[in-house]
Amino acid sequence: MAYDRYVAICKPLHYATLLGSRNCVHMTAAAWGTAFLNSLLHSANTFSIPICKGNALNQFFCEIPQILKLSCSDAYLREVGLLVVSVFVNFGCFVFIVLSYVQIFRAVLRIPSQQGRHKAFSTCLPHLAVVSLFIITSMFAYLHPPSLSSPSLDLVVSVLYSVVPPAVNPLIYSIRNQELKDALKKLI
């Protein structure tokens, strides 16, 4: 999404070339491939960790940090290593998003009309807010010190990064649709 916004705002005449169907397929395949490889490595490693502190988690879904709390050996250090690799991969994506938005904001601030700037910011800010919510809460979930860990806090943070962004994203983009606004006004 950040790259789409970047091309649409900073290079609008090259949009069809830079974001043609072939490039979109390549970017989608890279994202899915990376996510699949990451989840496969974590799953294989997690299933190899000996669990000896019971099998009950204080979560509504099975998460790696919660499983690591049940481990009784030093084998969990492999998983911590994989988490560090995942953080670096995610940090790389985060840097790409930030650089894209820096370029977008520089281009938007050069737009002479107030209406043009408002339209560009209203397109970008919802995406940036959802991505920021996801990144900040997921980093907190995986990187917070054990002393700050409590079952209720872990549950709230997991909901914030796993449920809220996917639920809010379609809502944000559909509210900008005029037909949906008219239907919502009619319903109210």
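What helices (runs of 4 or more DSSP H) completely inside the range 1-89 contain at least 2 residues that are out of contact with any helix residue (DSSP H, G or I) (no Cβ under 9 Å at 6 or more places or on another chain)?
Values: elements: 2-10, 15-18, 21-47, 64-68.
Fully inside the range 1-89 and qualifying: 21-47.
Of (1) surrounded by 14 or more Cβ atoms within 10 Å (Cβ to Cβ); (2) farther than 23 Å from Asn90 by Cβ; (3) of a type in the set (Gly, Ala, Ser), Ala2 satisfies all except one. Which?
(2)
Taking the conditions exactly as written (of a type in the set (S, T, N, Q), part of a helix (DSSP H, G or I) and exposed (fewer than 11 other Cβ atoms within 10 Å of the Cβ)), does Ser100 satisfy them or not?
Numbers: of a type in the set (S, T, N, Q): yes; part of a helix (DSSP H, G or I): yes; exposed (fewer than 11 other Cβ atoms within 10 Å of the Cβ): no.
When the stated conditions are applied, Ser100 does not pass them.
Taking the range 119-162 as the region of interest, how many residues are within 25 Å of Gly92 (Cβ to Cβ) and either in a helix (DSSP H, G or I) or at pLDDT 80 or above (or both)? Steps first, please.
Initial filter on the range 119-162 (within 25 Å of Gly92 (Cβ to Cβ)): 123-145, 157-158, 160-162.
Adding the requirement that they be either in a helix (DSSP H, G or I) or at pLDDT 80 or above (or both) leaves 123-143, 157-158, 160-162.
The total comes to 26.
If I filter the range 145-183 down to residues being free of Cβ contacts under 8 Å to residues at least 24 places away in the same chain and touching a helix residue (DSSP H, G or I) at 6+ places or on another chain (Cβ under 8 Å), which single residue comes out as surrounded by the most Cβ atoms within 10 Å (Cβ to Cβ)?
Val157
Considering only the range 9-26, state which residues are aliphatic (A, V, I, L, M), under 26 Å from Ser122 (Cα atoms) and without any contact (Cβ under 8 Å) to a residue 60 or more places away in the chain. Explain how you work it out, then say what you get.
Keep residues of the range 9-26 that are aliphatic (A, V, I, L, M), which gives 9, 13, 16, 18-19, 25.
In the following step, the residues that additionally are under 26 Å from Ser122 (Cα atoms) were identified as 9, 13, 16, 18-19.
Answer for the range 9-26, where residues must be aliphatic (A, V, I, L, M), under 26 Å from Ser122 (Cα atoms) and without any contact (Cβ under 8 Å) to a residue 60 or more places away in the chain: Leu13, Ala16, Leu18, Leu19.
Check off (1) closer than 28 Å to Asn169 by Cβ; (2) among the hydrophobic types (A, V, I, L, M, F, W, C); (3) surrounded by 17 or more Cβ atoms within 10 Å (Cβ to Cβ) for Ile49 and give me the number that stays unchecked.
(1)
Just checking, which of Ala35, Ala29 is free of Cβ contacts under 8 Å to residues at least 24 places away in the same chain, under 22 Å from the mean Cα position of the chain (by Cα), surrounded by 10 or more Cβ atoms within 10 Å (Cβ to Cβ) and closer than 22 Å to Phe140 by Cα? Step through it out loud before you land on a result.
On the way: Ala29 fails: closer than 22 Å to Phe140 by Cα.
None of the others qualify; the one that does is Ala35.
Looking at (1) of a type outside the set (Phe, Trp, Tyr); (2) in contact (Cβ under 8 Å) with a residue 60 or more places away in the chain; (3) touching a helix residue (DSSP H, G or I) at 6+ places or on another chain (Cβ under 6 Å), which is the one condition that is false for Ile111?
Tallying (1) of a type outside the set (Phe, Trp, Tyr); (2) in contact (Cβ under 8 Å) with a residue 60 or more places away in the chain; (3) touching a helix residue (DSSP H, G or I) at 6+ places or on another chain (Cβ under 6 Å), Ile111 fails exactly one: (2).
The values are calculated or read from the model by the stated rules, or taken from the named source; none is laboratory data. The shown structure was predicted, so the numbers you read here are calculated from the model rather than taken from an experiment. Backbone-built Cβ (ideal geometry, glycine too); neighbour counts: all protein chains shown.
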